[in-house]
Structure formats: C-alpha cells, structure tokens
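Read through the structure below, which is laid out as structure tokens, and then see the notes.
Values quoted throughout were computed directly from the atomic coordinates according to the rules given, and no laboratory measurement underlies them. Computed from a predicted structure; not experimentally measured. Cβ coordinates were reconstructed from backbone atoms using ideal geometry, including for glycine residues, and neighbour counts include every protein chain displayed.
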Amino acid sequence: MKTISSIIATMSIVLLASCEKEIGLPLKSDGGRLYLECFPSNGHDTTYISLAAALPATEYGASAELSNISIDFKVNGVPAIPEFHSKTGDVYNYIVEVPLETGDEVSVAAGADGYPSVTSVSYIPEGADIEMTREIYNYGTLRHRFTVHREDNSGEKRYYGIVIIGERRMETTYPDPEKEPETEISRITFKYKLYSPVQPSDAEVLDYETIVTCPVNGTDMVLFEDDGGKTPDMEVIVDIPYDRDKYWEIGPEKNVFRRTLYLVKMFSVTPQAYDYLNPKINESLLFAGLVPPFISYGNVDGGYGLNAGMGCISSGWMENLVL
C-alpha cells in the first residue's frame with residue numbers, strides 16, 4: 001500500500017490535472033458510503049467480495065469499522081451464500097463458491113449499520129481470443145508469449161488479464177511395498193516480468209503503464225491493453241521463474257521427486273474494470289481514510305466501487321517443460 005505522503009502527492013496531481021479535465025471528487029456531506037469490489041468470472045469458482053466504508057475527506061480519522069454486514073450474492077437470480085474470509089485494515093473480504101458461465105448475470109447487494117445499502121449487477125462476457133506458447137529463456141526463466149488476435153481495425157481498444165498459477169508436488173515413493181506413495185502439494189506465487197509493445201496513451205492524469213500487475217480474486221493478474229486492432233496479432237510476453245522437475249531426495253528409505261505444474265488463465269476485462277484497476281489507487285486512498293478520487297469508474301448504486309464480470313479461458317494444468 002502507498003504511504004500517506006505518496007497519497008497526498010497523488011491527490012495534488014489530481015487537483016492540478018483538474019485544471020484541464022474536470023474530476024468530480026465524490027464528497028458526501030451527509031456521511032459515508034459503502035465501497036464494494038467484486039470481479040466474478042467463469043472458470044474461477046471462487047469469487048471475492050470486498051466491502052469497506054468510504055468516508056468523506058471532511059471526516060478523516062473517523063472510525064471505518066463496519067457492523068452487522070449483510071451481503072446478498074445472486075447468479076441469475078439464484079442466491080449463493082458468501083462466507084467471511086478475512087479483514088485487511090478496514091476492508092472486509094468475503095468469498096462465495098459458485099461456478100459461473102458465460103452470459104450469467106451476477107448481482108451483489110450489501111449493507112451495514114449506519115450506511116445506505118448498495119447494489120450492482122454485471123454479466124460474464126466471452127473469453128478473449130488469445131493464444132499462448134512457452135519456452136525456456138535464459139535457463140532460469142519460463143517465457144510465455146501471448147498472441148492477441150484482432151480481425152478489425154476499429155480503433156476500439158480491448159483489455160485483457162493473465163494469471164499464472166504454479167503448483168509444486170513433492171511425490172514420495174517407498175521401496176517397502178507396504179507403504180503407499182504420498183504427494184504433498186503447495187501453491188507457488190510468482191513475480192512477473194512483463195513486456196508489451198503498446199505505449200501509454202491515457203496520460204491525462206497519472207500517465208499509467210499499459211501493462212501492470214494487480215490483485216484480483218486472490219491472485220496477481222497481469223493487465224494489458226491492445227492497440228485498437230492496428231496490430232492484428234499483437235504479442236505480449238510474461239516471464240516467470242522456471243522450476244525444473246528433478247529428484248529432490250534419493251535414499252534407501254524413500255525417494256522424493258519434485259514436480260511443477262502450471263495453470264494459465266486468460267481473461268477478457270471490461271474497459272471500466274481496466275480503468276479501475278490501473279492505476280489501482282482507490283484502495284490505497286481508502287486505507288488512508290480518504291474518499292478515492294477515481295471511483296467514478298464504478299457501477300455500484302448507492303455507494304462506490306465496481307462489480308465487473310470477466311470472461312476466462314484456461315490452459316488447464318500443464319506439465320513442466322523438458323529441456
């Protein structure tokens with residue numbers, strides 16, 4: 001999260017930029033509003049829902065604790081019950097386990113004592129037309145080349161997300177036939193290296209990058225935009241560390257083989273969600289007790305934030321590459 005000083009600097013940039021572009025700061029004299037965030041997607045059974053209090057700047061320092069929280073989550077009008085997951089600062093996080101399909105309507109309503117209730121509706125779009133190839137690059141790097149296909153030169157940009165998940169399996173076998181093989185599975189998180197041919201074009205306020213990494217649904221998502229169809233087959237490169245499969249332990253009592261599997265998910269992201277997540281300063285300002293200045297991108301009635309469906313295509317679990 002950003003420090004208080006950088007947040008104040010960001011606010012100053014916003015105020016200076018307002019000389020050229022009018023930005024409506026959502027200050028409410030009649031108290032705070034609820035701040036809702038949700039990114040439902042097909043191919044991702046767990047949807048995260050975040051709820052917080054967005055307080056007017058005039059009430060800086062006031063308590064942002066929420067009580068008697070209620071969340072109503074429905075898919076095509078059928079309720080699914082969210083469960084409390086965690087609390088980060090003054091942000092309350094919930095998860096709901098429900099499979100979603102392309103075209104599904106996802107509605108979220110939330111309430112808490114002392115705040116007006118909020119509602120929002122979104123739909124799950126189709127997945128993006130993206131192909132992926134992999135290669136070993138400079139030995140320790142697993143390079144993913146994503147090719148985005150466009151058949152039009154409309155000039156209308158489209159937006160995409162990439163999530164790469166690793167799974168490490170420690171497979172133990174025993175010479176003793178009485179002992180069953182064992183497998184211990186752990187999740188791998190990555191630090192991405194990103195490359196995109198698209199140059200920043202939305203420099204009206206913060207001149208943010210065209211390819212970034214943001215937390216979405218409990219994972220880090222690489223977000224990027226295309227060039228509006230000018231390049232029919234645009235390539236984006238995402239590098240992650242490479243773990244080669246090998247024997248971890250060999251002995252008279254047991255053998256342990258370390259195996260790594262990869263899962264790649266590719267998303268179509270709405271322009272509204274891309275603007276909201278890049279730059280992702282809403283949450284930073286919220287933690288400082290300030291009303292986020294960019295929440296006008298949201299679609300939450302009665303409050304702030306965003307409920308934006310994403311379309312997903314998945315590679316499925318893939319074996320490690322063999323050198």
Net length gained if the chain between S314 and N138 were fully extended (0.36 nm per residue, minus Cα distance): 60.7 nm
The range 100-128 versus the range 161-198: alpha-carbon centroid distance in Å: 33
Those residues of the range 148-173 whose amide nitrogen sits under 20 Å from the label point placed on E253, 7 Å along Cα→Cβ: 170-173
Listed residue pairs exceeding 31 Å between alpha carbons, taken from K230/K265; K87/K157; K74/K191; K87/K265; K191/K254: K87/K157; K74/K191; K191/K254
Label-point gap, in nm, between K193 and S70 - each point 7 angstrom along Cα→Cβ: 5.3
